[in-house]
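Presented below is the structure to which this report refers.
Read the figures in this text as sums done on the coordinates, not as results from a lab. Keep in mind it's a predicted model, so treat the numbers as computed, not measured. Glycine also receives a Cβ, built like all others from the backbone with ideal geometry; neighbour counts cover every protein chain displayed.
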Amino acid sequence: MLPMRSILFLLMIVLFNQPLKAQLKIGGTVPGISLAGTGDSLINLSSLDGKVVLIDFWASWCAPCRAANPYIQRLYKKYKGDGFEVFAVSLDVKKEAWLKAIKKDKLTYTQVIDPDGWRSKVAEQYFVDQLPTNFLLDKEGKIVAINIEGKELFDNVKSLVK
């Protein structure tokens, strides 16, 4: 049997080697994002400062993401003139598949890609562990909702753009 001191030492090694997760929370802010858009130029999330923004993590191969795309597009079309923007972050590793999905789904809002897929540093900073994942930000850049969809998303956007 191990002596108590050895057990405590091993426990400390395990605990202190685990990354501390400061999960993103309602009322908090989000890390910056700067990734390539469809035209290969870098697009910064900060370019949308002062607007209500839905950050939407998705991928062309993700069936629930693709099912949500038409709804998000309709929401964007309805409120883009009122200061609402969508900043879609794809975790596709194949750029061609991503571009094909954008075209097929007729998406007109801001699209960026992190070709590192699940190894994405951005996804890691946002603690993305499933797709789709989204964050709704108010005009001050504060998180007002996480993983919101359907009527709840529509109602939140409607109230924030007023």
In segment 135-162, residue farthest from Val52 (Cα to Cα) [restricted to those that are part of a helix (DSSP H, G or I) and among the acidic types (Asp, Glu)]: Glu152
Search result, residues across segment 78-99 that are outside any strand (DSSP E or B), hydrophobic (A, V, I, L, M, F, W, C) and over 14 Å from the mean Cα position of the chain (by Cα): Val93, Ala97, Trp98, Leu99
Do we have any residue at all in segment 127-139 that's touching a strand residue (DSSP E or B) at 6+ places or on another chain (Cβ under 9 Å), over 26 Å from Lys25 (Cα atoms) and surrounded by 15 or more Cβ atoms within 10 Å (Cβ to Cβ)? no
Complete set of residues in segment 100-116 that are out of contact with any strand residue (DSSP E or B) (no Cβ under 9 Å at 6 or more places or on another chain), more than 14 Å from Pro132 (Cβ to Cβ) and either part of a helix (DSSP H, G or I) or among the acidic types (Asp, Glu) (or both): Lys100, Lys103, Lys104, Asp116
Condition set touching a residue at least 60 places away in the same chain (Cβ under 8 Å) and among the aromatic types (Phe, Trp, Tyr), scope segment 58-107, selection surrounded by the most Cβ atoms within 10 Å (Cβ to Cβ): answer is Trp58
